[in-house]
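Engineer: Take a look at the following structure, please.
The values are calculated or read from the model by the stated rules, or taken from the named source; none is laboratory data. All values reported here derive from a predicted model rather than from experimental measurement. Here the Cβ positions follow ideal geometry from the backbone for every residue, glycine too, while neighbour counts run over all protein chains shown. These area figures cover heavy atoms from the full protein model, side chains too; ligands, DNA and RNA do not enter into them. Shrake-Rupley method; radii C 1.70, N 1.55, O 1.52, S 1.80 Å.
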Amino acid sequence: MRRLSALFILGTALLAACDTSRTAPAHDAVPADLVFIGGAVYTMDAERSWAQAVAVDAGKIAAVGTNAEIEAWIGPDTGIVELSGAMLLPGFHDSHTHPLDGGRQALNCSFVDLDSVEAILDKVRSCALESEETGGWLVGSLWNISLFPGGNPHKELLDAVVPDRPVFLIGSDGHSSWANSRALEVAGIDRGTPDPPLGVIERDASTGEPTGTLRESAGELVRRHLPEITAQDRLEGLRYGVRMANAFGITSVLDAAVGEPDMITYKALEDSGELSVRSVLAMEWGTNFLAGGTDFERVLANRTQYDGPRIDTRAIKLFIDGVLEGHTAALLDPYLDSAGARGTLNFPQETLDQLVTRFDAEGLQVHMHAIGDAAVRAGLDAFEAARDANGPRDNRHHISHLQLIHPDDVPRFAELGVGATFQPLWAIPDAFIMDINLPEVGPERVNRMYPIGSVQRAGGLIIGGSDWDVSSMNPLLAIQVALTRSDPSGVAQGVLNAAERVDLDTMLAAYTINGAYTMRHDALTGSIEIGKAADLVVLEHNLFEIPADEIGDVRVLRTLIDGNTVYQRDSLQ
Ligand SMILES: [Zn+2]
């Protein structure tokens, strides 16, 4: 903690709109550990109050008010942060992310941000060289699927670079994978192999030969032959993900798919004092969990052993469908390029209703993956069935992704109290939507994609999630896109349905108090109010005073959890 009392300027009234009704009464002689002075403090309390200064003591918010009021909390040992007009917000909440898997993949052979096929193949070549001594499998992730027609790259591209070792590369959507001929051979996939349930082996239209692209469960046919992920791999991955979260001002995450080895890893990091994000762990129900070699019911029954001061295991993840590329997302109306196919739900409705009703009765939150409008409807139907069976409960269920919502279903989020967890970074007219999705579903449905504004206007709770490492973890970049609906990189031209834009207030709530509500710790964090944990982020600019298309470039200066600084830019002060 930096001691900066020399920089403290007494009582400078920088903010006219300061709400003094919510400040602490004058306090006698309990100096705070730390005060923030002279900033634009947006508290995100129910009145959306502004303040200038905050006192933190014993890891909690002790007072919120004007510079003069907070001055009363300064003693000889009080650390003083002069904000000089910088913005202080509650720490960000990322309500759908994969810190552990994302971190693990980032430390592997990663193709993130490579924007040409040549660049990806060069990286494959260099990864192969680096791992030449160990040999065996070459595993990588995050190749940009929109660089390939139909999101469907060919095995021969990989064979030309690595002919002798099996290669398996996970795509940027997390649902498609790309294998070379050797990997297909090891997995026993050939022309005669049928598509597995809920999976697609992409094939050459004339020969029927597998192309090397595998969707959803078809990827599992190869995955099961990969070398086992070690406990050390997981630990290093989670460390990486947590550090990245803190650097983006994130103090709470919902890990959107965990198995028991992941829960063990979170607990280990908490025990070593390194878990600097509050973590809600959503246990993945279904085949992937079982593929990890663990038994869902046993782990569920014993899950509280992994709970801790910063770990909450009261959440379940259900995948309702897949993704549009490869037609595994479930649609109400047919795909346009596939003879009447609509995709399929991963569960019959009856099974889904039973599952959700059961988990709801057990006090567990259900977090769903739903991309297609049929999947969204099935999810909402299941939450309605649970409410009818159990009565209203306070489990704060939510659905993530929501690429297509039928207009009739938009009001149901508010009616059923189901949160809408969007990934705003996906709501741009990029190659993924314009080159891959548009031929699949046509312009009318493309124009309805990611309807954040519609759900918000219908009274639904808007929540923010990055789905890192599918896309950037930076909440400010996502907030910018929710306001603009255009590509922050400038590569893609135009706007994806301007009518679905929302305002800054909505998005700040999505990434703070709404996230805290969804993670069921809004009594503890999510706003800057007396008695709450000092989970805070300092931004270099007041976001309300800059153009929307500059929000994503604003730098995080400092991140604190429980009053401890867990990230700080060198340039601060
Ligand atoms: Zn995800």
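Engineer: By DSSP, what percent of the beta bridges with both residues in the stretch 137-223 are antiparallel, rounded to the nearest 5? Can you show the working numbers first?
Structural biologist: Working: 10 of 15 bridges.
Among the beta bridges of the stretch 137-223, antiparallel pairing accounts for roughly 65 percent.
Engineer: I would also like to ask the following. Taking amide H positions as placed 1.01 Å from N in the peptide plane, with prolines and chain starts having none, which residues 5 or more places from G140, or on another chain, fall under 5 Å of its amide H?
Structural biologist: Under 5 Å from the amide H of G140: F168, L169, I170.
Engineer: Taking all protein chains in place and a 1.4 Å probe, what share, in percent, of the accessible surface of the stretch 137-223 do carbon and sulfur account for?
Structural biologist: Carbon with sulfur: 53 percent of the solvent-accessible area.
Engineer: Oh, and also: Return one whole number: the accessible area per residue of the stretch 340-492 in Å², for a 1.4 Å probe.
Structural biologist: Normalised by residue count, the accessible surface of the stretch 340-492 is 32 Å².
Engineer: If you don't mind, another one. Can you give the net charge of the other residues whose Cβ lies under 9 Å from the Cβ of V323, counting K and R as +1 and D and E as -1?
Structural biologist: Values: positive: R215; negative: D173, E216, D321, E325.
Charge balance near V323 sits at -3.
Engineer: In addition: Please work out the FRET efficiency for the pair R358 and R48, using the Cβ-Cβ distance as r and a Förster radius of 56 Å; give the result to the nearest 0.05.
Structural biologist: For R0 = 56 Å, the calculated efficiency reads 0.90.
Engineer: At 1.4 Å probe size, with every protein chain present, just tell me what the per residue accessible area of the stretch 137-223 comes to in Å².
Structural biologist: Values: 3230 Å² over 87 residues.
Heavy-atom SASA per residue in the stretch 137-223 reads 37 Å².
Engineer: To the nearest 10 degrees, how steeply does helix 117-130 sit against the main Cα axis of the chain, on a 0 to 90 scale?
Structural biologist: Between helix and principal axis, roughly 90 degrees.
Engineer: Continuing with this model, one more query. Round to a whole number: what % of the accessible area of the stretch 412-511 belongs to carbon and sulfur, probe 1.4 Å?
Structural biologist: Working: 1650 of 3050 Å².
Within the stretch 412-511, the accessible surface is 54 percent carbon and sulfur.
Engineer: Pairs on different chains or at least eight residues apart, Cα atoms closer than 28 Å: how many lysine pairs in the chain fit?
Structural biologist: 5
Engineer: Compute the acute angle (0 to 90°) between the alpha-carbon long axis of helix 231-247 and the principal axis of greatest extent of the alpha-carbon atoms of the chain; round to the nearest 10°.
Structural biologist: 50 degrees
Engineer: Over the stretch 431-514, calculate the relative contact order: mean separation of alpha carbon pairs under 8 Å at least 6 apart, over the residue count, as a percent.
Structural biologist: On the way: 79 pairs, mean separation 27.0, N = 84.
That works out to 32 percent.
Engineer: With just the Cα atoms defining each centre, how far is the stretch 393-429 from the stretch 229-279? Give it in Å.
Structural biologist: The two parts, judged by their Cα centres, are 26 Å apart.
Engineer: Can you figure out the FRET efficiency of S84 with D271, using R₀ = 35 Å and their beta-carbon distance, to the nearest 0.05?
Structural biologist: The formula returns an efficiency of 0.35 here.
Engineer: Using Cα pairs under 8 angstrom and six or more residues apart, how large is the relative contact order of the chain, in percent?
Structural biologist: Details: 1333 pairs, mean separation 91.7, N = 573.
Computed over the chain, the figure is 16 percent.
Engineer: Tell me the carbon and sulfur percent of the accessible area for the stretch 33-120, rounded to whole percent, probe radius 1.4 Å. Don't skip to the end; give the middle numbers.
Structural biologist: Working: 1210 of 2510 Å².
On the stretch 33-120, the fraction of accessible area on carbon and sulfur atoms equals 48 percent.
Engineer: Still on this structure: Convert each backbone phi in the stretch 469-486 into a coupling constant with the Karplus relation 6.51 cos²θ - 1.76 cosθ + 1.60 (shift: θ = phi - 60°), then list the ³J(HN,Hα) values in order as whole Hz, x for Gly and Pro.
Structural biologist: Rounded to whole hertz, the list is 9, 4, 9, 4, 7, 5, x, 5, 5, 5, 4, 4, 5, 4, 7, 10, 6, 9.
Engineer: Out of the trypsin sites (Lys or Arg not before Pro) in the stretch 524-573, which ones are loop residues according to DSSP with at most 16 other C-beta atoms within 10 Å?
Structural biologist: Answer in residue order: R555, R569.
Engineer: How far is helix 349-361 tilted off the main Cα axis of the chain, in degrees rounded to 10, range 0 to 90?
Structural biologist: For helix 349-361, the angle is close to 30 degrees.
Engineer: What does the charge add up to near R203, with Lys and Arg as +1, Asp and Glu as -1, over the other residues with Cβ less than 13 Å from its Cβ?
Structural biologist: -2
Engineer: If you don't mind, there's one more thing I want to ask. Output the antiparallel fraction of DSSP beta bridges having both residues in the chain, as a percent to the nearest 5.
Structural biologist: Beta bridges within the chain, antiparallel portion: roughly 45 percent.
Engineer: Moving on. Taking the Cα-to-Cβ direction at A68 and at V495 and moving 7 Å from each Cα, how far apart do the two end points lie in nm?
Structural biologist: 4.4 nm
Engineer: Would you kindly work out the equivalent ellipsoid of the stretch 308-450 from its C-alpha gyration tensor and give its semi-axes, the square roots of five times the eigenvalues, largest first in whole Å?
Structural biologist: 28, 16, 13
Engineer: Determine ³J(HN,Hα), in whole Hz, for all residues of the stretch 541-557 in sequence, where each value follows from phi through the Karplus function 6.51 cos²θ - 1.76 cosθ + 1.60 and θ = phi - 60°; x replaces Gly and Pro.
Structural biologist: Whole-Hz 3J(HN,Hα) from phi for the stretch 541-557: 10, 6, 4, 6, 10, 10, x, 4, 7, 10, 4, x, 8, 5, 8, 7, 8.
Engineer: To the nearest 0.05, how large is the calculated FRET efficiency for L157 and A58 if R₀ is 51 Å and r is the Cβ-Cβ distance? Each step should come with its number before you reach the end.
Structural biologist: On the way: r = 58 Å, r/R0 = 1.13.
Given R0 = 51 Å and the Cβ-Cβ separation, E is 0.30.
Engineer: If amide hydrogens are placed 1.01 Å from N in the peptide plane, which non-local residues have theirs closer than 5 Å to the one on R314?
Structural biologist: Result for R314 returns L281.
Engineer: What net charge do the residues around G340 carry, taking every other residue with its C-beta under 15 Å from that of G340, with Lys and Arg at +1 and Asp and Glu at -1?
Structural biologist: -2
Engineer: Tabulate in residue order the Karplus-calculated ³J(HN,Hα) for the stretch 173-188, using 6.51 cos²θ - 1.76 cosθ + 1.60 with θ = phi - 60°, rounded to whole Hz; enter x for Gly and Pro.
Structural biologist: With coefficients 6.51, -1.76 and 1.60, one gets 8, x, 10, 10, 9, 10, 10, 8, 4, 5, 5, 4, 5, 4, 7, x Hz.
Engineer: With +1 on the Cβ of every Lys and Arg and -1 on the Cβ of every Asp and Glu, and nothing else charged, how large is the dipole of the stretch 399-556 about its Cα centre, in debye rounded to the nearest 20?
Structural biologist: 320 debye
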